1. Within the stretch 46-97, how many residues turn out to be exposed (fewer than 12 other Cβ atoms within 10 Å of the Cβ), aliphatic (A, V, I, L, M) and over 16 Å from the mean Cα position of the chain (by Cα)?
2. Anything in the stretch 57-81 that is free of Cβ contacts under 8 Å to residues at least 12 places away in the same chain and not acidic (Asp, Glu)? List them, or say none.
3. Which condition from (1) outside any loop (DSSP other than H, G, I, E, B); (2) out of contact with any helix residue (DSSP H, G or I) (no Cβ under 9 Å at 6 or more places or on another chain); (3) farther than 28 Å from Arg10 by Cα is the one that Leu40 breaks?
4. What do you reckon, is Phe63 part of a helix (DSSP H, G or I) and modelled with pLDDT under 85?
5. When the stretch 21-40 is examined, which residues are found to be among the polar types (S, T, N, Q) and over 12 Å from Val74 (Cβ atoms)?
6. Looking at the structure I just gave you, is Asp15 among the acidic types (Asp, Glu) and touching a Lys or Arg at 6+ places or on another chain (Cβ under 7 Å)?
7. Take Ile31 and decide whether it is at pLDDT below 85, surrounded by fewer than 14 Cβ atoms within 10 Å (Cβ to Cβ), of a type in the set (A, V, I, L, M, F, W, C) and under 26 Å from the mean Cα position of the chain (by Cα).
Amino acid sequence: MSLDGMIHFRNEGLDGIQSQTSGQQERYLEIWDNVRTQLLQLIENGQVDAQIGTVLGDRDEQFRREATGFDDSVTSQNTAMRNVQTIGNEGGAAMVRAAMGGGR
């Protein structure tokens with residue numbers, strides 16, 4: 001009796017989570033850079049007070065610092081998910097082998 005094809009271990013959902021978080025990282029950087037560029041243009045055109053440039057510089061440093069921390073956290077999370085996938089794949093394969101009488 002063959003169990004091949006009856007037992008499936010799926011972890012595609014973890015791949016989806018990883019790609020979504022990576023996409024979000026790219027998107028929030030794009031949004032911030034767009035807002036920052038527009039504000040700098042307003043300053044250059046004299047439409048807002050030049051002191052906003054100093055505040056904007058401070059906020060940009062803060063944003064980039066916090067974004068780096070978030071990026072590091074996401075990278076760690078993605079590494080952990082890949083480890084879970086590997087463990088799940090190895091465990092699933094071992095269970096299939098055991099169910100088929102092949103042992104480890």
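The values are calculated or read from the model by the stated rules, or taken from the named source; none is laboratory data. Values in this document were obtained by computation on a predicted structure and should not be read as measured data. In this analysis, Cβ positions are derived from the backbone assuming ideal geometry, glycine residues included, and neighbour counts consider all displayed protein chains.
1. Here the count works out to 3.
2. Gly57, Arg59, Gln62, Arg64, Arg65, Thr68, Gly69, Ser73, Thr75, Ser76, Thr79, Ala80
3. Evaluating Leu40 over (1) outside any loop (DSSP other than H, G, I, E, B); (2) out of contact with any helix residue (DSSP H, G or I) (no Cβ under 9 Å at 6 or more places or on another chain); (3) farther than 28 Å from Arg10 by Cα leaves (2) as the failure.
4. No; evaluated as a whole, the condition is false for this residue.
5. Hits for the stretch 21-40 are Asn34, Thr37, Gln38.
6. Here the answer is no, as Asp15 does not meet what is asked.
7. Spelling it out, it is not the case that Ile31 is at pLDDT below 85, surrounded by fewer than 14 Cβ atoms within 10 Å (Cβ to Cβ), of a type in the set (A, V, I, L, M, F, W, C) and under 26 Å from the mean Cα position of the chain (by Cα).
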